[in-house]
Amino acid sequence: MPKSVLDTFRLDGRRALITGGAKGLGRVMALALAQAGADVAVASRTLGECQETAQAIAAETGRKTAALSADVSLAADVERMAREAEAALGTIDILINNAGINVRGAAQELAEKDWDAVLAINLKAPFLCARVFGPKMAARGWGRVINMGSILSVIAIAGRAPYASSKAGVLNLTKVLALEWATKGVTVNAICPGPFATDMNVQLLQDPAKYKAFVDKIPLGRWGELHEIAGAAVYLASDAASYVTGSALFVDGGWTAQ
């Protein structure tokens, strides 16, 4: 048993991979895991951004880091990413499936390629990544898979058909994988953020009317600040959450409580 409850949140000796880890919520979570003691690899399609993030995290925390370029919607790229991550850091204990995109518009205005692009990154990619890393975690008897859902995993907003559909799928994918690996020491959970000031939401942040429309639905009366996702990630990645699997942690200022 650990000496104190705070010890259960430490990630010393663990190695984590965060997709979409170069910026936004992904970067914040990668830094948080490193601050808790983990070595971290950050991956996205843009290697330069990943390198800058990895270097900054290493400089701040002293942890070992790696930068990887991959299109996580492609199985071959995911398999290559896994090999490169393991070569750089060792076996991966913690996977955060954070990469995501959004295409907004009324259903009749969206093209087939819009639907396919969102589903590929938001839903197919977490499956592909979990399929590669999860069995290895299970074989070692310890692992954490964290999928990024959304408030749109459980509610709907007009003009978000691909995104909401993908995030609803992420929630059930999380539950299925949790059941499959429940006896293997691997937990699978989802973090479901509400509105945060990320690059994906720039157009909403810059439109006062749309911004207010969102704030009016949030009991805390404001958007989330990026650092407010960190605690959820560290918790679900750590031994503090050892009896939590198949669950969704909503970090949404109370939106879905209404």
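The values are calculated or read from the model by the stated rules, or taken from the named source; none is laboratory data. Keep in mind that this is a model prediction, so the values were computed, not measured. Positions of Cβ are backbone-derived with ideal geometry, glycine not excepted, and every protein chain shown enters the neighbour counts.
Overview of results
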{"read-out": "Every residue from the stretch 24-71 that is within 16 Å of residue 94 (Cα to Cα) and either modelled with pLDDT under 95 or assigned to a loop (DSSP other than H, G, I, E, B) (or both)", "value": "36, 37, 38, 63, 64"}
{"read-out": "Residues being touching a residue at least 60 places away in the same chain (Cβ under 8 Å) and in contact with a strand residue (DSSP E or B) (Cβ under 8 Å, 6 or more places away or on another chain) - total across the stretch 32-74", "value": "2"}
{"read-out": "Selection status of residue 116, surrounded by fewer than 16 Cβ atoms within 10 Å (Cβ to Cβ), without any contact (Cβ under 8 Å) to a residue 24 or more places away in the chain, part of a helix (DSSP H, G or I) and of a type in the set (Asp, Glu)", "value": "yes"}
{"read-out": "Given (1) out of contact with any helix residue (DSSP H, G or I) (no Cβ under 9 Å at 6 or more places or on another chain); (2) of a type outside the set (Val, Ile, Thr); (3) on the phi > 0 side of the Ramachandran plot, number of the condition residue 159 does not satisfy", "value": "(1)"}
{"read-out": "Residue selected from the stretch 190-207 under the condition in a strand (DSSP E or B) and within 18 Å of residue 21 (Cβ to Cβ), by the criterion modelled with the lowest pLDDT", "value": "196"}
{"read-out": "Candidates 131, 83, 144, filtered to the one that is of a type in the set (D, E, K, R) and part of a strand (DSSP E or B)", "value": "144"}
{"read-out": "Residue check for residue 139: in a helix (DSSP H, G or I), surrounded by fewer than 21 Cβ atoms within 10 Å (Cβ to Cβ), out of contact with any Gly (no Cβ under 9 Å at 6 or more places or on another chain) and hydrophobic (A, V, I, L, M, F, W, C)", "value": "yes"}
{"read-out": "Leading residue by the ranking (surrounded by the fewest Cβ atoms within 10 Å (Cβ to Cβ)) among those in the stretch 224-256 that are without any contact (Cβ under 8 Å) to a residue 40 or more places away in the chain and over 18 Å from residue 167 (Cβ atoms)", "value": "243"}
